[in-house]
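The values are calculated or read from the model by the stated rules, or taken from the named source; none is laboratory data. Being a predicted model, the structure only gives us computed values, none of them experimental. Counting neighbours? That spans all protein chains shown, and the Cβs are built from the backbone with ideal geometry, glycine included.
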Amino acid sequence: MQNADGTFMVWRGGVTDTLVAAFPAAVQYALLLRLEADPDEAKQLHEMATAVYHKGEQVGPQQTSPLALRAVPGEPRIYLNVVVNLQLMINEPGEGFVQVVFDRAVRVPRVYFTVRPIPGVGPPHGVA
């Protein structure tokens with residue numbers, strides 16, 4: 001959706017299926033979030049925690065980052081664009097998700113992904 005100011009929004013968009021030639025597979029994703037805060041919220045330091053799960057197991061450690069916003073005098077809302085680059089080693093086909101939590105309380109809806117073999121390439125998973 002394009003906004004009047006020339007920016008755009010994508011709700012629940014993006015690539016969710018990743019095809020790989022073999023396992024284990026190194027996969028990369030980028031998660032983009034646009035945060036909105038009021039001037040009082042912008043005065044506080046915030047925390048963003050990101051965890052990735054695949055087939056019910058956490059992949060690597062949870063990553064925690066501080067977020068600081070800059071209040072602009074006279075502006076009713078402050079925005080911060082956050083890009084999270086994820087580089088994962090996935091051992092077998094299956095579904096996973098990224099979970100982001102702000103200030104240990106506000107959960108962003110999970111972002112799901114699936115990793116599966118390219119049909120017809122390489123031996124079936126688990127066959128040597």
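The table below gives the values:
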read-out: One residue from R70, R77 being exposed (fewer than 11 other Cβ atoms within 10 Å of the Cβ) and more than 30 Å from I118 (Cα to Cα); value: R70
read-out: Residue selected from the stretch 65-96 under the condition β-branched (V, I, T) and closer than 15 Å to L33 by Cβ, by the criterion farthest from the chain's Cα centre (by Cα); value: I78
read-out: Candidates Q58, Q28, filtered to the one that is touching a strand residue (DSSP E or B) at 6+ places or on another chain (Cβ under 7 Å) and either without any contact (Cβ under 8 Å) to a residue 40 or more places away in the chain or charged (D, E, K, R) (or both); value: Q58
read-out: Options L86, L32: the member that is modelled with pLDDT under 90, within 23 Å of T18 (Cβ to Cβ) and part of a strand (DSSP E or B); value: L32
read-out: In the stretch 86-119, residue surrounded by the fewest Cβ atoms within 10 Å (Cβ to Cβ) [restricted to those that are farther than 17 Å from A25 by Cβ and among the basic types (K, R)]; value: R104
read-out: Hey, Q58 more than 30 Å from G120 (Cβ to Cβ) and at pLDDT 90 or above or not; value: yes
read-out: Per-region count, the stretch 35-60, residues part of a strand (DSSP E or B) and either exposed (fewer than 15 other Cβ atoms within 10 Å of the Cβ) or not polar (S, T, N, Q) (or both); value: 13
read-out: Output for the stretch 1-29, where each listed residue is hydrophobic (A, V, I, L, M, F, W, C), within 15 Å of the chain's Cα centre (by Cα) and modelled with pLDDT under 90; value: V10, W11, V15
